[in-house]
1. Just to verify a result, which residue in segment 55-73, among those that are modelled with pLDDT under 90 and under 18 Å from residue 14 (Cβ atoms), is nearest to the chain's Cα centre (by Cα)?
2. Can you tell me how many residues within segment 1-17 are out of contact with any helix residue (DSSP H, G or I) (no Cβ under 6 Å at 6 or more places or on another chain) and within 14 Å of residue 288 (Cβ to Cβ)?
3. Condition check: at pLDDT below 95 and out of contact with any strand residue (DSSP E or B) (no Cβ under 6 Å at 6 or more places or on another chain). Does residue 224 satisfy that?
4. In segment 210-256, which residues are without any contact (Cβ under 8 Å) to a residue 24 or more places away in the chain, touching a helix residue (DSSP H, G or I) at 6+ places or on another chain (Cβ under 9 Å) and in a strand (DSSP E or B)?
5. Assuming residue 259 fulfils every condition listed in (1) under 13 Å from the mean Cα position of the chain (by Cα); (2) exposed (fewer than 13 other Cβ atoms within 10 Å of the Cβ); (3) not in a strand (DSSP E or B) apart from one, which condition is it?
6. Considering only residues that are touching a strand residue (DSSP E or B) at 6+ places or on another chain (Cβ under 8 Å) and either loosely packed, with under 14 Cβ neighbours inside 10 Å or modelled with pLDDT of 95 or more (or both), which ones fall in segment 31-42?
7. Among the candidates 281, 259, which residue alone is closer than 24 Å to residue 222 by Cα and modelled with pLDDT of 80 or more?
8. For residues that are in a loop (DSSP other than H, G, I, E, B) and modelled with pLDDT under 95, tally how many sit in segment 74-89.
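The values are calculated or read from the model by the stated rules, or taken from the named source; none is laboratory data. Because the structure is predicted, anything quoted here is derived from the model rather than measured. FYI the Cβ positions are ideal-geometry reconstructions off the backbone, even for glycines, and counts take in every protein chain you see.
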């Protein structure tokens, strides 16, 4: 008998579901271990296999929905971030979209939330790519090396690179990344071209910054998790739920952790949509209440409503 194991790790509880080839489903709930979420993850696998009297070699797949990235954002538990931008666009995160919550009267009392990268950690370099991908100003590599050393000297490990129109021509971002890797090899780097190759520089830049911030968080967690699974005897691939509802392998999640920000919540929505269809209730409002956060979603005609733009606390995510 082969088994597929699904594990949802929250801030308070860890839920384990095991589906056998015979169609039977086994579940259990155990307390989470917030200081090291991998402990409850592995304990869930161990206890499930023990209850089923199965061996680790019988595990065909492990699917993991996690709130590690979600909670890191909600609790601001990520390292300081640095940002490199095209000269003249240092205030890109400060200006944002100039939207004010509530009615227009709120503009007199609303306090702008802190930016994910404060202005003093935003560095400019001379470069410019045009809207058709043409290079208008070559990348100043001397400036870029000075910026890389500036981040290294201040111990800023997470660095995002977001240049204008890099989604059409990423040459400058890729070269800037090479220079950062040479001068600051211990850094966790993200380019906007790799993270969100789309126009609209504010959303692209913010998402890239969050990706850089979450890299060390997810890297520590998932790298340790894979090796501990191997020591437990589980050799099947580890797949991570994405915010969009699909899955990615653990190596990809380490490179693009921002895509896991709504990992656990998206799995819950898909499960509720399936349950609603089976029960004859295709139109639902779902409420997923955990120990750290509460997630709300709407399902129409048996399908979750999908958006490419969302928010986690004060952070817009694309």
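1. It comes out as 69.
2. Total meeting the criteria: 4.
3. The answer is yes for residue 224.
4. Matches in segment 210-256: 248 only.
5. (2)
6. Passing the criteria: only 31.
7. After ruling out the rest, the residue left standing is 259.
8. Taking segment 74-89 as the starting set, the residues that turn out to be in a loop (DSSP other than H, G, I, E, B) are 75-80, 87-89.
Keeping just the survivors that are modelled with pLDDT under 95 gives 75-80.
The qualifying residues number 6.
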